[in-house]
Every structure is written in structure tokens, then in C-alpha cells.
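Notes follow the structure.
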Amino acid sequence: MDRTLYGGRKYERHGEVKSMIIGVTGGVGCGKSVIMDLLNKEFGVHIILADNVGHEVMAPDGEAYSEIIDFFGKEIVSADGAIDRKILGARVFNDKEALDKLNSIIHPAVKRRILGKIDTIRNNSDKEPFIAIEAALLLEDNYDEICDTIWYIYATRKERIRRLKESRGYTDEKIASIMKNQLTEKEFRRRSDEVIDNSGNIAKTRKNLQKILDKYRGL
């Protein structure tokens, strides 16, 4: 097994198969979902969305389900037995202690399940398995510890604001509040190996992704 250094991190080669884990991050409105869709549909990259995994661990058969109910009470459970995310969200809104507790339950469970998904992909793929993980708090939750390379999806502040207003109906105040609580562009760039400009020219974004993936395949 060879370990090749890139971007300050190392990734493993299992025989002729590279096990490259890509961490995708960026501020709200940067278009991470667009990048993940391109990686999967146009470049054949396996993708894992932490938000979707979060839904899985909170489902009635998920590993975080019982602990969440034990702490927050059965009133957060809907008639079909599922956790009502709107009620739960209202419980933790403006309650940092409750939010921290919820995160302490969900985030480790999500990371464990993601690691399991990575193993499954590796064990069932006879090709070069690029696996991309997208998480809202990828760096804050230390996903860089399990990623071989971190990609920062960049878009100008003006473009991000436009997208958030048009697609989600966010107000200027809400956008400012969210952005204030996220990492700065300088910090994203400092902690990332690649920067992908996704400010609007999708053809340019696609070309950049192709160039980066080709570079990694050649290592």
C-alpha cells in the first residue's frame, strides 16, 4: 500500500485502485449542490451528502433516533413515528445548549455512517473510486481528518446573495446572519487544497473540475 502526499494530506493506493476522499465545502449559496451533481452525473464520482445521512440517522431505525427522543421528549414525534424536524427545529432555535446537545448526538452518528458508506463503496468498486463528501460544517466538524483533499467552492458574495434570495426567498438580514456565522473566505482558502470558482459560468466550472480530477488521477 502506497501513501502519496498531496495538499498536505495523504491518500492510500490499494493495489492499482486509488481511494481518494474529496471533502467539498463552501459558504451558503456557493452552489455546492451543483458541484456535487456535476461530479456524480458527469464525472462518475460517488457522492455522499451529510444532510441526507443526517435524515437517515434520525429515522426510526437510525442510530440517533432514540437518544434524540430521550432528550427532547416524545412531543417531537409525529403520528407516523418519525421525528418532526420542524418541531425539533423550533425547540433548538435560539437555544444554544439544546442545539449543541442535538449536534453532539447527530454529528458523530453521521460521521460513523459516512465512514461505513465509504467502506461499502470501496469494497464494491473495481474502478478508481473518487468519493466526494459534502457537509455544511465540513471543516468545523473536522471532516478533513477523513478526507484526502478539501475543495472550496467559491462564489462572489453578490452572486451568493442573489441565489439565496431567488431560490430560498431569504431576506438580507437572514443572509447576513448566516454568513456571519460561517467561516470567512480567507479561512476557507487557507484550509483547502483546491478552489473552484462557481460564480456563474457553468462551462468554466465543469472544465475546472475535469482538470482537477485529471490531475489527481495522474498522481
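Quick note: the coordinates plus some simple rules give every number you see, no bench work behind them. Only a predicted model underlies this, so the values are computations on that prediction, with no experimental measurement involved. Methodologically, a virtual Cβ is constructed for each residue, glycine included, from the backbone with ideal geometry; neighbour enumeration extends over all protein chains shown.
Taking Lys and Arg as +1 and Asp and Glu as -1, the other residues whose beta-carbon sits under 12 Å from that of residue 101 total -3. When +1 charges are put on Lys and Arg Cβ atoms and -1 charges on Asp and Glu Cβ atoms, the dipole computed for the chain relative to its Cα centre reaches about 1000 debye. Between residue 171 and residue 146, the simple label model (points 7 Å from Cα in the Cβ direction) yields a spacing of 3.8 nm.
Taking a ≥ b ≥ c as the square roots of the eigenvalues of the Cα gyration tensor, the stretch 133-219 is oblate, since a/c reaches 1.5 or more and a/b is not larger than b/c.
Using mean Cβ contacts within 10 Å as the protection proxy, how do 55-64, 200-209 order, highest first? Don't skip to the end; give the middle numbers.
Details: 55-64: 16.5, 200-209: 13.7.
In decreasing order of mean packing, 55-64, 200-209 become 55-64, 200-209.
Normalised by the number of residues in the chain, the average gap of Cα pairs under 8 Å and 6 or more apart makes the relative contact order 33 percent. Remark on the stretch 85-171: Rg and Dmax equal 17.0, 48 Å (Cα only).
Adding -39500 (n - 2.57) for every DSSP H run of four residues or longer, then dividing by how many residues the chain holds, sets the calculated 222 nm ellipticity at -15500 deg cm²/dmol. Summary of the geometry: the stretch 184-219 and the stretch 64-94, compared by the centres of their Cα atoms, lie 38 Å apart. With N counted as the residues of the chain, its alpha-carbon radius of gyration over 2.2 N^0.38 Å works out to 1.09.
Taking the DSSP bridge list for the chain and keeping only pairs wholly inside it, about 35 percent are antiparallel.
For the stretch 36-148, the convex hull drawn through the C-alpha positions has a volume of 125 cubic angstrom per residue.
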